[in-house]
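The values are calculated or read from the model by the stated rules, or taken from the named source; none is laboratory data. Just so we're clear, the structure is a prediction, and the values are computed from it rather than from any experiment. Here Cβ is always computed from backbone atoms with ideal geometry, including for glycine, and neighbour counts include all displayed protein chains. When the accessible area is computed, the model is the full protein with side chains, heavy atoms only, and any ligands, DNA or RNA have been set aside. Shrake-Rupley method; radii C 1.70, N 1.55, O 1.52, S 1.80 Å.
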Amino acid sequence: MDMKEALKSLFQEIVLPELSTIKSEQIRINERLDSVDKRLSDITAHLVDQSRRIDETNKRIDSVHSDLLSKIDETNKRIDSVRDFLLLKIDETNDRLNRLYEVIVRREEHVNLQARLTDLEGRVGALERKLAA
């Protein structure tokens, strides 16, 4: 029995304190693991919240993008309408300028014809005076 008592006392002196130390270390590790789990849960909740906010922001961006595209389309239509109106007015102005040019050319021709007629009248008058003399 001495051997049994010696082994028992050896276990009590060496193994049991070591087991007690291992147990206390395991308790501390479990506490730290619980703390890490809690932090990971908090981080996960935060990431989920951030993801939700990002989704909401993306929806708002998509909405604004849609609105901008429709406004750009409306503006382009208005620009096209104004451009068409201006082109029509330019065509009308060009037609009026062409008519004015024709009138000016006719006036110049009229003035030239009038000058030639006056010249011819003078020459005919001179010839009639020569013949009468």
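Anything in region 98-127 that is within 60 Å of the chain's Cα centre (by Cα) and open to solvent by less than 100 Å² (accessible area, probe 1.4 Å)? List them, or say none. Lay out the reasoning, then the answer.
First, the residues of region 98-127 that are within 60 Å of the chain's Cα centre (by Cα): 98-108.
Asn98, Leu100, Glu102, Val103, Ile104, Val105 - these are the residues of region 98-127 that are within 60 Å of the chain's Cα centre (by Cα) and open to solvent by less than 100 Å² (accessible area, probe 1.4 Å).
Conditions (1) in contact with a Pro (Cβ under 9 Å, 6 or more places away or on another chain); (2) at pLDDT below 95; (3) surrounded by 10 or more Cβ atoms within 10 Å (Cβ to Cβ); (4) not in a helix (DSSP H, G or I), marked per residue:
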| residue | (1), (2), (3), (4) |
| --- | --- |
| Met3 | no, yes, no, no |
| Ser9 | no, yes, yes, no |
| Ile22 | no, yes, yes, no |
| Ile54 | no, no, yes, no |
